[in-house]
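Have a look at the structure below before the remarks.
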Amino acid sequence: IYSCCYLSRRLNQLSSHDPLWKRHCKKYWLISEEEKSQRNQSWKAIFISTYSDLGRYIQYYATLKKAWDDLEKYLGQRCPRMIGSLKESVREEDLDAVEAQIGCKLPDDYRCSFRIHNGQKLVVPGLMGSMALSNHYRSEDLLDIDTAAGGFQQRLGLKQCLPLTFCIHTGLSQYMALESVEGRNKYEIFYQCPDQMARNPSAIDMFITGTSYLEWFTSYVNKVVTGGYPIIRDQIFRYVHDKECVATTGDITVSVSTSFLPELSSVHPPHYFFTYRIRIEMSKDALPEKACQLDSRYWRITNAKGDVEEVQGPGVVGEFPIISPGRVYEYTSCTTFSTTSGYMEGYYTFHCLYYKDKFFNVTIPRFHMVCPTFKVSTARMVSRHAVVLILDFLSNLLFSLNTWINFNKRETNHNEYAVDEDEDSTDTDEYEDRRRVLDIPAPSGRCPHHT
């Protein structure tokens, strides 16, 4: 007993050693020295009070808090007006009330994020990125918890799905599946894509953007804060740049970034829409007489089947830009594929401003465009299965009917004519009719190829 008492007293002393709690406070709650000074509490007291409030999120909190802190710091330096759209955190009871309202449990990583920031106001630009073409604009807001709950879906095709984002221009949202229904995995995140060839409104295909809220949000933030997504006119533009997608010809460098647009794409029929942003830059060390003007472009476009299309024309997007030392010209264009991937490459033709009769080509690097993973609507798959069953039933019915008719013919012939028992009794017409019935091609029922 004495040994146990001594051991307990010693453990009690160790558990009160404040430096031990400092490490846990910094690891799990990201508490800084400055914040500790402001609280005027011991590290142990801070850990216990924080744990009593956020303990259920201990495996997520540090990762999400760091992501939010990094994002705020980055945006504060580059587009500060977006910081003003962020909402303060919500309380546990607010999240519990939403669960009661929608009748589904929210995942803990999602709840944890909203304990840090309750999404943002419905403003432009949206926190979750923008995309702009000459006649199309998208900017996605991260929805606050009440707005998300108001958009919770129970209709077929989007059953038990919670919207995470919303674009006020296109009506586009990214949804999170709160249950494993209609072919979705629990907590999977996706863009909806209505089947344009189906009469059933519940036939909704899905472009997958994440497997969990934690993975979805932190991977997006990482792209932003590492410069993977450019900041253009105080907005985050979701163009992805491959560092190898750069080509230099003389003093001119061409680089390309690309983006997939789910709101203009469809799985059925296969139509995948991509936009690309091209940057043309002349080295600032180039001689002044190297200034030149773009005359024309040539494209070689190849889809996943190997089909090639060649396009040639004057200028780019109706312009003939002049490039001089240190100057940058950027433009955005788009293309579509009937396959889930493809690539483009080509060259620009320039003429020198100082030597009018001197022309040269500038290489455009090959850049690939790949549709994100998608899932085919279970409603369409079920309807196809039903069609197969119906066709099989009709085929069997025709065969049975044909057999019955021919049997009756035999009975009639047997009564009218004598039959030689040694003669082959196979009826050629009957055989041909049966073969025609059996040779009805079966519907394929195949799903589109997934890439």
Is it the case that TYR276 is part of a loop (DSSP other than H, G, I, E, B), closer than 30 Å to ARG81 by Cβ and among the hydroxyl-bearing types (Ser, Thr, Tyr)?
-> no
Across the stretch 186-199, what is the total count of residues that are over 19 Å from ARG111 (Cα atoms) and touching a residue at least 24 places away in the same chain (Cβ under 8 Å)?
-> 8
Among residues of the stretch 240-260 being of a type in the set (Gly, Ala, Ser) and within 18 Å of ASN222 (Cα to Cα), the residue surrounded by the fewest Cβ atoms within 10 Å (Cβ to Cβ) is SER259
Hey, among GLU244, GLU263, which residue is of a type in the set (Asp, Glu) and within 24 Å of PRO125 (Cβ to Cβ)?
-> GLU263
Evaluate the following for ILE189: is it buried (at least 22 other Cβ atoms within 10 Å of the Cβ), aliphatic (A, V, I, L, M) and more than 13 Å from the chain's Cα centre (by Cα)?
-> no
Filter pass, GLU140 being open to solvent by 10 Å² or more (accessible area, probe 1.4 Å) and acidic (Asp, Glu) = no
Selected residue (criterion: nearest to LYS26 (Cα to Cα)) from residues of the stretch 52-67 that are open to solvent by less than 70 Å² (accessible area, probe 1.4 Å) and not in a helix (DSSP H, G or I) = ILE58
Filter the stretch 1-38 for residues that are loosely packed, with under 13 Cβ neighbours inside 10 Å, modelled with pLDDT of 90 or more and of a type in the set (Lys, Arg) and give the result.
-> ARG23, LYS27
Filtering the stretch 180-196 for residues that are closer than 21 Å to THR170 by Cβ and among the aliphatic types (A, V, I, L, M) leaves a count of 1
Is it the case that some residue within the stretch 277-298 is farther than 17 Å from THR335 by Cβ and under 17 Å from the mean Cα position of the chain (by Cα)?
-> no
Based on what the data block shows, is TYR213 within 17 Å of the chain's Cα centre (by Cα), farther than 24 Å from SER257 by Cβ and open to solvent by less than 60 Å² (accessible area, probe 1.4 Å)?
-> yes
If we scan the stretch 219-235, do we find a residue that is without any contact (Cβ under 8 Å) to a residue 40 or more places away in the chain and open to solvent by less than 10 Å² (accessible area, probe 1.4 Å)?
-> no
Cβ-Cβ under 6 Å pairs, at least 6 apart or on other chains, the stretch 145-159 side more than 10 Å from VAL98 (Cβ to Cβ), far side at pLDDT below 95 and outside any loop (DSSP other than H, G, I, E, B) | GLY157/ILE204
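The values are calculated or read from the model by the stated rules, or taken from the named source; none is laboratory data. What you are looking at is a predicted structure, and each value in this text was computed from that prediction instead of being measured. Quick reminder, even Gly has a Cβ in these numbers, built from the backbone with ideal geometry, and neighbours come from all protein chains shown. Only protein heavy atoms, including side chains, enter the accessible area calculation; ligands, DNA and RNA are left aside. Shrake-Rupley method; radii C 1.70, N 1.55, O 1.52, S 1.80 Å.
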